[in-house]
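S.K.: Following this message is one structure expressed as structure tokens.
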Amino acid sequence: MMNKQDVLYRQIITLSDGSRVLLRPLTPEDRQNLIDLYANLNAEELRMLRHDVSNPEVVSAWIDDLDYDRVLPILAMVGEQLVGNATLHFHHGPARHRAEVRIFLSKEVRRRGLGTRLLQALIDLAKRRNLYLLEAEILADQTNVIKAFKKLGFEQQCNLDDYFMLPDGEFRDVAHLILQLRETGGEF
Ligand SMILES: CC(C)(COP(=O)(O)OP(=O)(O)OC[C@H]1O[C@@H](n2cnc3c(N)ncnc32)[C@H](O)[C@@H]1OP(=O)(O)O)[C@@H](O)C(=O)NCCC(=O)NCCS
């Protein structure tokens, strides 16, 4: 599935405040930038994430294992500064028609439309791979984030009770959202 198109993917977008952002795939040269992106999260934000991204080894391992056919990470760059990382996670076998999206932006660039544009880029890349479905799992109490995904066409399929376990053992419900990219059937 990895093709030249993914490697060469570039998009320049202009945010509402006029700043220009380059979207491009993650490369091995981005190791330190990626570690820095996740370095200064506060404890509350950190405990809501799937991985302990404050540990440079965890982030560094994503680069060691870089394989665009498994996970395609698209970065948002303002000049030389990495300000966002959005990923498409592909599956195999009976799940090969869908991918999961995840997105993280540094605090100072939020609420300026970048999240929406980055998600739209992932949607376009997923369509280019002829996928049928995109899915996202978002903590159910992050209603603003759920709203942002819905604006792009995602539909909330269900809420999964106690699906996410925080580091201290507390549970959170998770909203499961789906975006249908193309029709799945009906032809005889
Ligand atoms: C979720 C995230 C990517 C959104 O990115 P963003 O660039 O701030 O989003 P946008 O500026 O495109 O905003 C899109 C919509 O999100 C909603 N929204 C996002 N954050 C919000 C907030 N703090 N308060 C109110 N609305 C918010 C609004 O509906 C907004 O639309 P509007 O600006 O027209 O009102 C970003 O907040 C982030 O990285 N959060 C931490 C990681 C995370 O939660 N990831 C999602 C789970 S995979």
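The values are calculated or read from the model by the stated rules, or taken from the named source; none is laboratory data. Because the structure is a prediction, the values reported are computed rather than measured. Please note: Cβ atoms are built from the backbone with ideal geometry, for glycine as well, and neighbour counts cover all protein chains shown. To get the accessible areas, we keep the full protein, side chains included, count just its heavy atoms, and leave off ligands, DNA and RNA. Shrake-Rupley method; radii C 1.70, N 1.55, O 1.52, S 1.80 Å.
S.K.: Build a GNM of the chain with springs between Cα atoms under 10 Å: which of V71, V83, V145 gets the top mean-square fluctuation?
M.R.: Comparing V71, V83, V145 in a Gaussian network model of the chain, the most mobile one is V145.
S.K.: Based on the inverse mean of 1/r over its pairs of different Cα atoms, what is the Kirkwood hydrodynamic radius of segment 71-188, in Å?
M.R.: On the way: mean 1/r = 0.0650 Å⁻¹.
Taking every pair of different Cα atoms in segment 71-188, averaging 1/r and inverting gives 15.4 Å.
S.K.: Using the Cα centre as the reference, give the magnitude of the dipole from point charges on the C-beta atoms of the chain (Lys, Arg: +1; Asp, Glu: -1; all else neutral), rounded to the nearest 20 debye.
M.R.: On the way: 24 positive and 28 negative charges, 199 e Å.
Around 960 debye, computed over the chain.
S.K.: Please list, by residue number, every one of the GluC sites (Glu not before Pro) in segment 54-134 that is coil in DSSP and has at most 15 other beta-carbon atoms within 10 Å. All intermediate terms of the calculation are to be shown ahead of the outcome.
M.R.: On the way: sites: E57, E80, E100, E108; in loops: E80.
Those that pass, being in a loop and sparsely packed, are E80.
S.K.: Let me ask something else about it. Take peptides 119-132, 168-181 and line them up by average Cβ neighbours within 10 Å, highest first, as a rough protection proxy.
M.R.: Peptide ranking by packing, descending: 119-132, 168-181.
S.K.: Can you send over the carbon and sulfur percentage of the accessible area for the chain, probe radius 1.4 Å, protein chains only?
M.R.: Looking at the chain in its full context, I get 49 percent from C and S.
S.K.: Moving on. Provide the per residue accessible area, probe 1.4 Å, for segment 45-188, rounded to a whole number of square angstrom.
M.R.: Details: 7990 Å² over 144 residues.
Roughly 55 Å² per residue, with all protein chains present.
S.K.: Please state the relative contact order of the chain as a whole percent: Cα pairs under 8 Å, 6+ residues apart?
M.R.: Working: 294 pairs, mean separation 29.8, N = 188.
Averaging sequence separation for qualifying contacts and normalising by length gives 16 percent for the chain.
S.K.: Let me ask something else about it. At 222 nm, what helix-only mean residue ellipticity would the chain give, in deg cm²/dmol to the nearest 500, using -39500 (n - 2.57) for each DSSP H run of four or more? Display every interim value, and only then the final one.
M.R.: On the way: 6 runs with 49 residues, N = 188.
It lands at -7000 deg cm²/dmol.
S.K.: Using the alpha carbon gyration tensor of segment 1-71, what are the three equivalent-ellipsoid semi-axes (square root of 5 times each eigenvalue), largest first, in whole Å? Walk me through the intermediate numbers first.
M.R.: On the way: eigenvalues 112, 79, 22 Å².
Ellipsoid semi-axes (Å, largest first): 24, 20, 10.
S.K.: Something else: Gaussian network model of the chain, Cα springs within a sub-10 Å range: biggest mean-square fluctuation belongs to which of Y163, Y38, Y68?
M.R.: Ranking Y163, Y38, Y68 by mean-square fluctuation puts Y163 first.
S.K.: Of F171, L22, A39, which is farthest towards the positive pole of the chain's charge dipole, taken about the Cα centre with +1 and -1 on the beta-carbons of Lys, Arg and Asp, Glu respectively?
M.R.: Most positive-ward Cα: L22.
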